[in-house]
Amino acid sequence: MASTAGYLLLTSAFGVSILLTLLPAGSRWMSEATTRRLTGVLAIGQFLGLAGALSLLIYSMATLDFSLEYVVKNTSINLPMLYRITGTWGGHEGSLLLWTSTLAGWSFLFWLGSSHMNQQLRRITLSITAAVSLGFQALLVLSPPFRAMKFYIPEDGQGLNPMLQDAGLGIHPPTLYIGYAGISIVFAMVMAALILRLPVREWVREMQRTAVTAWGWLTLGIALGSWWAYLELGWGGWWFWDPAENASLMPWLSLSALLHAGILAKRNRKAAHTIAGLATATQALMLIGMFIVRSGIMSSVHSFTSDPTLGMTIITFIVLTTACGYMTQVLRPPVENQATSRYSRADMMIVAAIIFLVLACATVLLGTMYPFVLEVLDLGKISVGPAYFNTFFVPLTLITGAVLAYSSLRGDLKQALTAFLGAGLLAGSSVYTVIGELDWLAITSVTIALVILVAAIRELRFFGIRGGTVAHIGLALTLLGGTLSERGTDIMELRMWPGDSADLGGYSFEFSGTTPVIGPNYFSDFGFFDVTKDDEVVGVINPEKRLYPQFGQQVMTEAGNLPELNNDLYVALGEPFNDGSWAVRLRVIPFISLLWLGSLIMTFSCCRFVKRPMSISKMLLSYQPNTFCAHNNKSGEQA
C-alpha cells in the first residue's frame, strides 16, 4: 500500500514538474489569466506531490512499516521515535526526497509572495526551478525510497547509523536544504531576468531579498552542523575541513560575494554581470556539494552512498547547469539602463571584498577537489588537510576582514589607522591574557574583528538597525570566537583511574568513575567528572562511551561539556583498560560561545523585521532628545 501510494506521488510530482518546466513555451497559445492560474496550480501540485511523498515516508518510518526496504535499512523497533522520524533523511533516497520537497516548497512560497513581480519573470523562474528539481526527481523515480521488500517482511530493521542518532539530524539537514533551495531560486530568477532582457532595476532588489533569506538559512545550517560535530564526534573541534563541510562552505562564500554584488548593483548597474556570474557559480557549487556527499568518491562522515554511477550523473547535471547559465549570460547579457561608468571609493571597497571572497572560495574548491581529480586521472592519491587550508584560506579571510573593516570606516585613512592601532593594543593584551603568549596570527585576527565590531556598532547609532550591519556584528563575534577557541585551547590527554584528578586551565577535573547504562538501543559506560575552580564547585560533566550491538558493535564517543560564559569545559572518554582506568581527553576551550552567538546573530540579521524598526532604533541609539520631532523624523514613520 505505502509502496504503491508513494511511487504514485513521486511520478505525479515528476509529471507536474515537466509541465511546469515547459509552461513558458506553451503560454503563447494561452491567455495571461489562464497562464497565471495554471502556473499556480502546477506549483501547488508539484509541492503537494513531493510533500505528500515525504509525509508518507515519515509515517512509514514512525510506524515501522517493514514492508519498505528503506524503512528496514534505516530504523528498528528499539529506535526512539525522534530518530525514526529524523532517520527519514538519514539515507540517500530520503535525503534526496527532503531536498526536492524543500525546493518545491520554496517555489510554492515564491509564487505566493511574488504577485507584484513581472508575471513572465515569475513564470520562467518557476520553470527553471522545476527543471533543476527534475534532475533529482528523476533519480528518485528510478531509485525510490518506496521499494517493497521482495521475498519477506522482516520482524525488525537494521537500525540507524549511530553517528546520526542525534537531535542535530532533525535540524541540520533541513536548514541546510532550505538554504540550498533558496540558491536555486536566486539562480532561476537571475536566468529568467536575462532571458527576458529585463533592466537590472526591475529584478535586483527581489533577487537580493531572496538571496539574503537563503544566506541566513545556509548560515544557520552550517553553524548547526559545526555545533553537532563539536558535540558528537568527540575530538573537541568545530571545523575539520571535511569535504562535506567544505561543500556547504563554498556556496556560502560565493553567496556572500553575490550579496555584496547586489548592494553594488543598486548604485552601479554594471555589477549585473558580476551578479549573473556569481549566481551561476553559486548554483554550481551547491550541486558540487551534492556530488561530494552522494558519489562516495571522497572519504567523509557525511557521505550517503558510494555509488560511482550516481556521482557521474550528478557531474553531468553540474556541467549542463553551469554551461546553460554562462551561455545565457553570453547570449542574453544583462540590460544596464542608466549604468554609471565609474566606481566610487566605497564601491571599490565592495569590489575588493567580492574579489577576496571569490579567491577564498576558489582556495577551498581547489583543496577539496584536487585529490579527486588526481585519482580520476590515475596520478596517485593525496590527502589535503587542515595545513593547506590554514595556510591559504585563513590569510584570505583576514584580508577580506581587513577590507571590510576599512570600508566600514568610510575609507578614512587617518581614522582607520587610529582604529587599527587602538584595536591592536587591545587585541594584544586580550590574546596574551587568554592564550598566555603573543600569538601574532591571533592578534591580527582579533584586531580586525574588533574594528569590524566597533564600526558596526557606530553604524547602528547613526543609521539604525540594518541587516548588513547586524550581520557584520555577528561576523566579528564569530571571528573572535573562532580565533580565541582555536588558538587558546588547553588540551590534556592522560590515563585516569577512578578517584584521580587533573588540573587544566585553572580548573580541577576529578574522575569519579563510570557506571553501566542500558539505553533504548545501546549499552553505555556513563562517566562522572566533578569540576571545581578555586575550591568552588563548577559542575559535573558526563561523557559516555556507547556500544551499539545492532549496528555491527559500533562504538561511539559522546563527549560531555560544561559551557560557561568565557570557557567551555570539554571531556571525552577514550578506550578503557583492563585495570579499570580510562584514556581521557580534557579541553578548556575559551570563548567558543562567541562563535555560536555570532552565527545566530548573522542568521538573525536576515529576518525581515530587523530592517523595519528604523525610527525605534534611532530613538534608542541617538543622544538627541527630540528624535521624533517633525524636522528630525527622516524615516517617514509616525512616532
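Observations, loosely collected:
- Residue 36 sits among other residues whose Cβ lies under 11 Å from its own Cβ, and their net charge, with Lys and Arg +1 and Asp and Glu -1, is +2.
- Under the Karplus curve 6.51 cos²θ - 1.76 cosθ + 1.60, θ = phi - 60°, whole-Hz ³J(HN,Hα) for segment 376-391, x wherever Gly or Pro sits: 5, 7, 6, 9, x, 10, 10, 10, 9, x, x, 4, 5, 5, 5, 6
- Ordering of 7-15, 107-115, 277-285 by burial proxy (mean other Cβ atoms within 10 Å per residue, highest first): 277-285, 7-15, 107-115
- Helix-only mean residue ellipticity at 222 nm for the chain, each DSSP H run of n ≥ 4 adding -39500 (n - 2.57), per residue, nearest 500: -21000 deg cm²/dmol
- The gain in end-to-end length when the residue 438 to residue 312 segment is fully stretched comes to 40.4 nm, 0.36 nm per residue minus the alpha carbon separation.
- For segment 144-155, putting each phi into the Karplus relation 6.51 cos²θ - 1.76 cosθ + 1.60 with θ = phi - 60° gives couplings of x, x, 10, 5, 7, 5, 7, 9, 7, 9, x, 7 Hz, in residue order, rounded to whole numbers and with x for Gly and Pro.
- Close amide H pairs (under 5 Å, H built 1.01 Å from N) link residue 574 with 583, 584, 585, residues at least 5 positions away or on another chain.
- With 0.36 nm allotted per residue and the present C-alpha distance subtracted, the residue 82-residue 344 stretch has 88.9 nm of extension available.
- Top positive-direction residue, dipole computed over segment 127-212 with Cβ charges, set 194, 151, 177: 194
- About its Cα centre, the dipole of the chain is roughly 3860 debye, where the only charges are +1 on Lys and Arg Cβ and -1 on Asp and Glu Cβ.
- ³J(HN,Hα), Karplus 6.51/-1.76/1.60, whole Hz, each residue of segment 34-42, x for Gly, Pro: 5, 4, 5, 5, 5, 4, x, 4, 5
- Ranked by how many other beta carbons lie within 10 Å on average, peptides 25-33, 528-536, 96-104 from highest: 96-104, 528-536, 25-33
- Summed side-chain charge close to residue 498 - residues other than residue 498 whose Cβ falls under 13 Å, Lys, Arg +1, Asp, Glu -1: -4
- Of the solvent-accessible surface of the chain, computed with a 1.4 Å probe and all protein chains present, 64% belongs to carbon and sulfur.
- The modelled label-to-label distance for the pair residue 4/residue 512, using points 7 Å beyond Cα in the direction of Cβ, is 5.9 nm.
- Interchain or long-range residues, amide H under 5 Å from residue 591's placed H: 567, 568
- Label point distance in nm, residue 151-residue 373, each placed 7 Å from Cα along Cα→Cβ: 4.7
- Extension reserve of the residue 33-residue 141 stretch, reckoned as 0.36 nm per residue once the Cα distance is removed: 35.6 nm
- Amide H contacts under 5 Å for residue 500, placed H, 5+ residues apart: 511
- Dipole magnitude for segment 148-229: about 520 debye, using +1 per Lys or Arg Cβ and -1 per Asp or Glu Cβ, origin at the Cα centre.
- Computed from the C-beta positions of residue 22 and residue 566 and an R0 of 60 Å, the FRET efficiency is 0.50 to the nearest 0.05.
- Cα centroid separation - segment 58-104 against segment 115-193, whole Å: 14
- In this simple spin-label approximation, residue 578 and residue 240 carry label points 7 Å from Cα along the Cα→Cβ vector, and these lie 3.1 nm apart.
- Cα lying deepest toward the dipole's positive end in the chain, options 31, 259, 413, charges on Cβ: 31
- Segment 415-437 and segment 264-279 have their alpha-carbon centroids 37 Å apart.
- Anchor residue 270: aspartates and glutamates whose Cα lies under 19 Å away (excluding residues fewer than 8 positions away in-chain): 202, 206, 336, 347
- Accessible area per residue in Å² at 1.4 Å probe, computed on the chain: 45
- Each peptide in 586-593, 169-176 gets a packing score, the mean of other Cβ atoms within 10 Å over its residues, and the list from highest to lowest is 586-593, 169-176.
- With the charge dipole of segment 162-290 set up from +1 on Lys and Arg Cβ and -1 on Asp and Glu Cβ about the Cα centre, the Cα lying farthest toward the positive end among the listed residues 227, 240, 217 is that of 217.
- Calculated FRET efficiency for the pair residue 383/residue 326, C-beta based, R₀ 30 Å, to 0.05: 0.40
The values are calculated or read from the model by the stated rules, or taken from the named source; none is laboratory data. Since the structure is predicted, the reported quantities are computational estimates derived from the model, not experimental observations. Positions of Cβ are backbone-derived with ideal geometry, glycine not excepted, and every protein chain shown enters the neighbour counts. What goes into the accessible areas is simple: the full protein's heavy atoms, side chains included, and nothing from ligands, DNA or RNA. Shrake-Rupley method; radii C 1.70, N 1.55, O 1.52, S 1.80 Å.
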